[in-house]
Amino acid sequence: MCKILNEKFNEMPQTSYPESYYAASANPVPARPALQGEIATDVCIIGAGYTGLSTALFLLENGFKVTVLEAARVGFGASGRNGGQIVNSYSRDIDVIERTVGSKQAKLLGDMAFEGGRIIRERVARYGIDCALKDGGVFAALSEKQMGHLRSQKALWERYGHRQLQLLGKDDMRGIVATDSYVGGMLDMSGGHIHPLNLALGEAAAVESLGGVIYEQSPALSIERGQQAVVTTQQGRVKAKFLVVAGNAYLGNLLPELAAKSMPCGTQVITTEPLGDELAASLLPQDYCVEDCNYLLDYYRLSQDKRLIFGGGVVYGARDPANIEAIIRPKMLKVFPQLANVKIDYAWTGNFLLTLSRLPQVGRIGDNIYYSQGCSGHGVTYTHLAGKILAEALRGQAERFDAFATLPHYPFPGGELMRVPFTAMGAWYYSLRDKLGI
């Protein structure tokens with residue numbers, strides 16, 4: 001047996017949610033105890049974010065006994081901190097995949113690119129999840145070059161059967177966003193937005209309604225690999241026929257072979273004070289969510305109580321900025337100068353996991369340890385799809401799992417020491433191209 005220690009979580013005292021708007025407006029939840037003692041289960045899942053919860057639901061619906069271990073609280077990581085936008089496809093689109101792998105594999109991945117959003121809506125409807133779901137997402141073009149990319153993207157997505165798309169001119173955009181920043185855009189009516197933490201909490205309740213067990217405050221400290229996987233926590237142990245590792249950017253060094261090909265990155269979000277119905281409706285009359293087409297993009301939407309939630313920026317290596325508002329507020333005012341006197345009530349950061357290819361890493365270690373990680377900032381929809389394909393693989397249906405598992409992945413140049421500066425240099429180059437419109 002091989003035993004791997006997770007030193008990061010031994011040193012990580014954080015157990016409560018960050019002081020975000022989502023945590024402040026979360027639905028009531030029951031207290032969930034930490035694991036104590038030794039238990040046995042069919043499947044142990046590490047991480048109660050979207051990947052872990054989606055996997056648990058699909059497995060429970062197919063008769064598996066499932067135990068979920070969460071180091072802090074349900075949705076503590078990116079699942080409870082993100083911009084709350086339902087965005088289709090992957091961080092690198094299907095055309096990149098087509099150029100990288102064979103036509104059969106590209107077809108499988110392309111056919112799955114729009115499935116995650118459908119899974120979210122099905123879950124919300126089936127389990128009555130209260131997460132302020134709204135339809136409609138807009139990609140906003142800041143230049144004619146970006147508008148040309150959206151035209152190509154529309155044709156690409158329609159080739160894979162996705163037809164809920166509409167190109168928008170400058171005047172159309174002005175009726176969607178109260179700004180003159182954009183030359184055009186594309187509306188995806190299968191996109192949309194949600195309260196992300198409430199979605200995670202609702203999915204956790206659904207897991208428990210089907211007999212699944214979730215232990216909070218139970219970081220996985222070590223894994224013993226063998227015919228049965230054994231996960232040790234501070235006060236207990238889980239023996240499982242299968243293990244699913246779904247910690248993403250908050251996994252630490254629990255599985256070093258996964259950490260070597262990925263890099264945690266931070267993104268920042270601010271939320272205004274309530275704007276009132278009139279001002280809110282004047283900013284986003286259709287109540288769609290919006291993201292621009294820059295390499296380092298900005299994204300925003302209205303909350304259910306008429307606040308503007310605005311995010312953007314990337315901190316490579318996942319350091320917490322000293323002043324989040326100072327970073328994001330100028331971006332917000334560039335789009336909406338009319339908010340100059342509006343107070344910011346919440347500002348927070350959260351980590352996502354970046355891969356060099358910007359495509360998810362999916363695979364199996366040995367015979368019974370499965371994983372999915374590295375959504376690269378595109379995780380709300382992909383993680384829900386990941387749960388389905390992981391559950392399929394555990395049931396012996398591996399074709400769709402294998403389509404992801406055989407994607408090529410490489411370590412970041414320069415190793416752990418130089419991956420942050422090298423990646424930041426690349427991001428600077430592409431950001432400069434965005435600013436110059438080339």
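The values are calculated or read from the model by the stated rules, or taken from the named source; none is laboratory data. Bear in mind that the values here come from a model prediction, so they are computed numbers and not experimental data. With ideal geometry, Cβ positions are generated from the backbone for all residues, glycine too; neighbour counts draw on all protein chains shown. Only protein heavy atoms, including side chains, enter the accessible area calculation; ligands, DNA and RNA are left aside. Shrake-Rupley method; radii C 1.70, N 1.55, O 1.52, S 1.80 Å.
Restricting to the range 183-225, what's the tally of residues that are more than 20 Å from Thr15 (Cβ to Cβ), open to solvent by 30 Å² or more (accessible area, probe 1.4 Å) and in a loop (DSSP other than H, G, I, E, B)?
Residues in the range 183-225 being more than 20 Å from Thr15 (Cβ to Cβ), open to solvent by 30 Å² or more (accessible area, probe 1.4 Å) and in a loop (DSSP other than H, G, I, E, B): 3 in total.
What is the one condition in (1) open to solvent by 40 Å² or more (accessible area, probe 1.4 Å); (2) more than 29 Å from Asp277 (Cβ to Cβ); (3) outside any strand (DSSP E or B) that Lys331 does not satisfy?
Of everything listed in (1) open to solvent by 40 Å² or more (accessible area, probe 1.4 Å); (2) more than 29 Å from Asp277 (Cβ to Cβ); (3) outside any strand (DSSP E or B), Lys331 misses just condition (2).
Kindly state which helices (runs of 4 or more DSSP H) lie completely within the range 101-181 and contain at least 2 residues that are among the small types (Gly, Ala, Ser).
By residue number, 103-112, 115-127, 144-159.
Would you point out the residue of the range 274-299, among those that are free of Cβ contacts under 8 Å to residues at least 60 places away in the same chain and not in a loop (DSSP other than H, G, I, E, B), that is nearest to the chain's Cα centre (by Cα)?
Within the range 274-299, the match that is nearest to the chain's Cα centre (by Cα) is Asp298.
Picking from Phe64, Phe114, which residue would you name as being within 18 Å of the chain's Cα centre (by Cα) and either within 14 Å of Asp188 (Cβ to Cβ) or buried (at least 20 other Cβ atoms within 10 Å of the Cβ) (or both)?
Result: Phe114 is the single residue among Phe64, Phe114 that is within 18 Å of the chain's Cα centre (by Cα) and either within 14 Å of Asp188 (Cβ to Cβ) or buried (at least 20 other Cβ atoms within 10 Å of the Cβ) (or both).
Given the conditions (1) open to solvent by less than 10 Å² (accessible area, probe 1.4 Å); (2) at pLDDT below 95, which single one is not true for Ser357?
Only one criterion in (1) open to solvent by less than 10 Å² (accessible area, probe 1.4 Å); (2) at pLDDT below 95 is unmet by Ser357, namely (1).
Tell me yes or no: at least one residue of the range 266-273 is over 24 Å from the mean Cα position of the chain (by Cα) and at pLDDT 95 or above.
Yes, there is a match, as at least one residue in the range 266-273 is over 24 Å from the mean Cα position of the chain (by Cα) and at pLDDT 95 or above.
Is it fair to say Glu203 is of a type in the set (Asp, Glu) and modelled with pLDDT of 95 or more? It would help to see each step written out before you state the result.
On the way: of a type in the set (Asp, Glu): yes; modelled with pLDDT of 95 or more: yes.
For Glu203, the condition - of a type in the set (Asp, Glu) and modelled with pLDDT of 95 or more - is met.
Among the candidates Asp298, Asp277, Asp320, Asp292, which residue alone is charged (D, E, K, R), touching a strand residue (DSSP E or B) at 6+ places or on another chain (Cβ under 6 Å) and more than 30 Å from Leu109 (Cα to Cα)? Steps first, answer last, please.
Values: Asp298 fails: more than 30 Å from Leu109 (Cα to Cα); Asp277 fails: touching a strand residue (DSSP E or B) at 6+ places or on another chain (Cβ under 6 Å); Asp292 fails: more than 30 Å from Leu109 (Cα to Cα).
Result: Asp320 is the single residue among Asp298, Asp277, Asp320, Asp292 that is charged (D, E, K, R), touching a strand residue (DSSP E or B) at 6+ places or on another chain (Cβ under 6 Å) and more than 30 Å from Leu109 (Cα to Cα).
Got a number for residues in the range 266-311 being open to solvent by less than 20 Å² (accessible area, probe 1.4 Å), under 24 Å from Ala24 (Cα atoms) and in contact with a Gly (Cβ under 9 Å, 6 or more places away or on another chain)?
So the answer is 12.
Got at least one residue in the range 10-32 being at pLDDT below 95 and part of a helix (DSSP H, G or I)?
Yes, the range 10-32 has at least one match.
What's the number of the condition Asn323 fails, among (1) outside the structural domain of Ala23 (by the TED database); (2) surrounded by 19 or more Cβ atoms within 10 Å (Cβ to Cβ); (3) at pLDDT 90 or above?
The failed condition is (2).
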